[in-house]
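J.: Right, I'll just put the structure down here and ask away after.
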Amino acid sequence: MKKLLVYLKGSRTQCVLAPLFKMSEAILELFVPLVVAGIIDTGIATGDKNYIIKMCLLLVLLGAAGLAFSVTAQYFAAKASVSFVKRLKHALFEHIGKFSYTQLDSQGTSTLITRMTGDMDSVQNGLNLTLRLLLRSPFVVIGAMIMAFTVDSRAAVTFAVVIPALSAVVFGIMFSCIPLYKKVRFALDKVLCTARESLTGARVIRAFCKEEEQVEEFRERNDALTVIQEFTGRISALMNPVTCVIINIGIAVLIYAGAIRVDAGLITQGAVVALYNYMSQILVELVKFANLIISITKSVACAGRISAVLDIPAEEDSGKEKISAENENIVEFRNVSFAYEGAGDNSLENISFTVKRGETVGVIGSTGSGKTTLVNLIPAFYKATKGQVLVGGADVNEIPLEELRNSVSVVPQKAVLFKGTVRKNMLWGKPDATDEEIMKALEIAQAKDFVMQKDGGIDAPVEQGGRNFSGGQRQRLTVARAVIKKADILILDDSSSALDYATDAAMRRAISENQGNTAVFIVSQRTSSIMHADKIIVLDDGTASVGTHEELLENNDVYREIHLSQFDEEEGA
């Protein structure tokens, strides 16, 4: 929690001015009951109209000045809270961007989105209210009690009884609600996770007629959220009625005692009215303070969730070794094993192979055999739990991440495009790419024809997620984005699954012709896509066999079975 306060730097002036102006408003408010008492005891009692008019003008002046102070305080509080959350959002987004794949897997996308949005809004609202009311409300309560004692100390004893009782109620409910609000946010994460999965997988859900099951799952999680919210709401809702009951009892006692003392001639009627006004001020401020405590409780819970993400150490980047341009072996695995965090067994077991510059490597295996995991170890998206992964003769754990990942170009399984234009997406691969380089990359990826048919050509718009392109077009554009980088290592992770055989073959041929010294890893389910590779890695339950197409057909049962099943299918087609 304390580490979040550093993001108030730059808003310290506003954080001082906001409560200062609110306190000024509160001071003016404390004088109002005395002015009203004067009007009653002096103006009305003596019939002095000039005095009444003078005091009424003073009330207007106090009100106008109080309004000006209040608006100014609101301005500074809003500016401070918005600036604080802006800096905090930037810091959190930057921090999340440094997470490893393992950390992203463990946190979950939905939870991180909630903390970037809903939790941030709650923190902003809490800070705004804190700057305006946290000092003002207690100040008015204490000030009203002191002023009441200056009016009539004996009648004001009621205040000394009422305020501790109210404080016990407020803080008792506050401490009860803090852990409950944490449970509410956790339940909200589950609801958002279900909603996100349903929306992103809407086509799959409809294809399998699973709408009712998803609706039922969402209903269950939403009901669980509702139950905890209602329970929390019932407890927090006790605050206003209980405080009102205590205050009204106090007011009744105050008026009763005041009436007796007025009848005895010990105090004036104006004094009783002033005492009543001070008690009313205390009621209003304590109700405000109660609501403030609820808001602060929510904000503290949300701030804790944000702080928990910031407390997660970012991916380490302390490497100092350089990738050797003279090393003939661009990639080497030495007895590499890998297990996902929390998994009982290794996904990869004791894998060793060497890849030279300019070679093409095919990676194939059954679903879940570890193909994607294998290639994700090369750019150190995941860290090997045992053994060494070397790039250019240096251990990937000892190479600066920026240098390592600049030497690797990856086309992931899921084709991801970003909102903008085709050109903007291509520039992700090479920021200073010329139009000729972009056109060449599109041509290699077999994307040039459909891009040039779009209005604007390479400046054609790309909608969010690339939804204005088909699945095959998105795959080809992501391949073009990777090819234009001209990295030492090109990883194509099942990047042609949506392409027909002819387009796939043409793209692979074009990549091979323009390969140069780039080592190409092709992860595929099709043997036709990798059969001409210099070497093929066959994964079976985490273990690897390495060889050429002919060697594997002869010596590897898994590869032979995959190839013959597809070969028969292709022949039949």
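J.: Can you find, among Ala487, Ile306, Phe469, the residue farthest towards the positive end of the dipole of the chain? Put +1 on the C-beta of Lys and Arg, -1 on that of Asp and Glu.
T.: Checked the options; the winner is Ile306.
J.: What are the ³J(HN,Hα) values, in whole Hz, obtained from phi via the Karplus relation 6.51 cos²θ - 1.76 cosθ + 1.60 with θ = phi - 60°, for each residue of segment 189-194 in sequence order, with x given for Gly and Pro?
T.: Calculated HN-Hα couplings, in order: 4, 5, 5, 5, 4, 5 Hz.
J.: Give the order of Val204, Val35 when sorted by the count of other beta carbons within 10 angstrom, beginning with the fewest. Walk me through the numbers on the way to the answer.
T.: Working: Val204 11, Val35 16.
Ranked by crowding around the Cβ, least crowded first: Val204, Val35.
J.: How big is segment 420-486 along each principal axis, measuring the range of its Cα positions in Å and listing the largest first?
T.: Taking the Cα atoms of segment 420-486, the three principal extents are 26, 20, 19 Å.
J.: Then there is this: With everything on Cα atoms, drop me the angle between helix 118-129 and the longest principal axis of the chain, reported from 0 to 90° to the nearest 10.
T.: That works out to roughly 30 degrees.
J.: Where in segment 153-173 is the amide nitrogen less than 13 Å from a point lying 7 Å along the Cα-to-Cβ axis of Ala45?
T.: In segment 153-173, the label zone of Ala45 (backbone N under 13 Å from the point 7 Å along Cα→Cβ) covers no residue.
J.: Work out how much length Val82 to Glu220 would gain on full extension: take 0.36 nm times their residue separation and subtract the Cα-Cα distance, in nm to one decimal. Mind dumping the intermediate values first?
T.: Numbers: separation 138, 0.36 × 138 = 49.68 nm, distance 3.55 nm.
Net length gain for the segment: 46.1 nm.
J.: Among residues other than Ala26 whose Cβ falls under 14 Å from its Cβ, what is the net charge (Lys/Arg +1, Asp/Glu -1)?
T.: Numbers: positive: Lys22, Arg132, Arg136, Lys288; negative: Glu25, Glu29, Glu285.
Within the 14 Å Cβ shell, the charges total +1.
J.: Another question, then. Cβ neighbours within 10 Å, averaged per peptide: list 141-147, 64-70 in order, most packed at the top.
T.: Working: 141-147: 19.7, 64-70: 15.1.
Answer by packing, highest mean first, reads 141-147, 64-70.
J.: A further question on this structure: With a cut-off of at most 13 other beta carbons within 10 Å, and DSSP calling the residue loop, which GluC sites (Glu not before Pro) in segment 325-408 qualify? Please list them.
T.: Values: sites: Glu326, Glu328, Glu332, Glu341, Glu349, Glu359, Glu398, Glu402, Glu403; in loops: Glu326, Glu328, Glu341, Glu359.
Here the sparse-neighbourhood loop sites are Glu326, Glu328, Glu341.
J.: If contacts are Cα pairs under 8 angstrom and at least 6 residues apart, what is the relative contact order of the chain in percent?
T.: Working: 830 pairs, mean separation 82.0, N = 573.
So the answer I get is 14 percent.
J.: Return the lysines within reach of Lys3: Cα separation strictly under 19 angstrom, same-chain partners fewer than 8 residues apart disregarded; answer none if there are no such residues.
T.: Lys86, Lys89, Lys98, Lys298
J.: List residues of segment 362-402, by number, whose backbone nitrogen lies under 15 Å from a label position 7 Å along Cα→C-beta of Asn329.
T.: Residues passing the 15 Å test: 387-396.
J.: With charges only on Cβ, +1 for K and R and -1 for D and E, what is the dipole size of the chain about its Cα centre, in debye, rounded to 20? Spell out each step's value before the answer.
T.: On the way: 59 positive and 64 negative charges, 681 e Å.
So the magnitude is around 3260 debye.
J.: Around Ile536, which amide H atoms from residues at least 5 apart in sequence, or from another chain, sit under 5 Å from its own amide H, with H modelled in the peptide plane?
T.: When sequence neighbours closer than 5 places are left aside, the close amide H contacts are Gly362, Gly547, Thr548.
J.: Once phi is turned into ³J(HN,Hα) by the Karplus curve 6.51 cos²θ - 1.76 cosθ + 1.60 with θ = phi - 60°, what whole-Hz value does each residue of segment 518-531 show in order, with x for glycine and proline?
T.: These are the phi-based 3J(HN,Hα) values: 6, 7, 10, 9, 10, 8, 8, 8, 9, 5, 5, 7, 10, 5 Hz.
J.: Sticking with this structure for a sec: Once you list every other residue whose beta carbon is under 13 Å from the beta carbon of Leu67, what net charge do they have if Lys and Arg are +1 and Asp and Glu are -1?
T.: Values: positive: Lys22; negative: Glu25, Glu29.
Residues close to Leu67 contribute a combined charge of -1.
J.: Could you tell me how far the Cα centroid of segment 109-130 sits from the Cα centroid of segment 344-389, in Å?
T.: So the two Cα centres are separated by 39 Å.
J.: Rounding to the nearest 10 and keeping the result within 0 to 90°, find how far the Cα-based axis of helix 269-311 lies from the longest principal axis of the chain.
T.: Relative to the chain, helix 269-311 is tipped by roughly 10 degrees.
J.: Taking the Cα centre of each part, how many Å lie between segment 395-445 and segment 462-503?
T.: The two parts, judged by their Cα centres, are 11 Å apart.
J.: Given the DSSP H assignment, sum -39500 (n - 2.57) over each helix run of at least 4 residues in the chain and divide by its residue total; what's the result at 222 nm in deg cm²/dmol, nearest 500? Walk me through the intermediate numbers first.
T.: On the way: 21 runs with 349 residues, N = 573.
Result for the chain, helices only: -20500 deg cm²/dmol.
J.: Taking the Cα centre of the chain as the origin and placing charges on Cβ (Lys, Arg +1; Asp, Glu -1), which of Tyr75, Leu57, Gln229 is farthest toward the positive end of the dipole?
T.: Leu57
J.: A further question follows. What is the set of long-range amide H partners of Gly387 at a cut-off below 5 Å, with H atoms built 1.01 Å from backbone N?
T.: Distant-sequence amide H within range of Gly387: Ser337.
J.: Using modelled amide H (1.01 Å from N, peptide plane; none on Pro or chain starts), what sits under 5 Å from the amide H of Val331, excluding residues fewer than 5 places away?
T.: Residues meeting the amide H criterion: Val355, Gly392.
J.: Moving on to the next point. Helix 435-444 sits at what angle to the longest principal axis of the chain, using alpha carbons and giving 0 to 90 degrees rounded to 10?
T.: Between the helix axis and the principal axis of the chain, the angle is about 60 degrees.
J.: Right, another one. Identify, among Leu5, Val331, Val520, the residue whose Cα sits farthest towards the positive end of the charge dipole of the chain, taking +1 on the Cβ of Lys and Arg and -1 on the Cβ of Asp and Glu, with the dipole about the Cα centre.
T.: Checked the options; the winner is Leu5.
J.: Then there's this: Roughly how many nanometres apart are two label points built 7 Å out from the Cα toward the Cβ at Arg467 and Leu61?
T.: Placing both labels 7 Å beyond Cα along the Cβ direction yields 6.2 nm.
J.: Take Val161, project a point 7 Å from its Cα along the Cβ direction, then tell me which residues of segment 277-297 have their backbone nitrogen under 16 Å from it.
T.: 279
J.: Label-point separation (nm) for Arg154 and Lys9, each offset 7 Å from Cα along Cα-to-Cβ?
T.: Using points 7 Å along Cα→Cβ, the separation is 6.0 nm.
Values quoted throughout were computed directly from the atomic coordinates according to the rules given, and no laboratory measurement underlies them. Predicted, not measured: the structure shown is a model, and the values here were computed from it. A quick note on method: Cβ atoms are made from the backbone with ideal geometry, for glycine too, and the neighbour counts reach across all protein chains shown.
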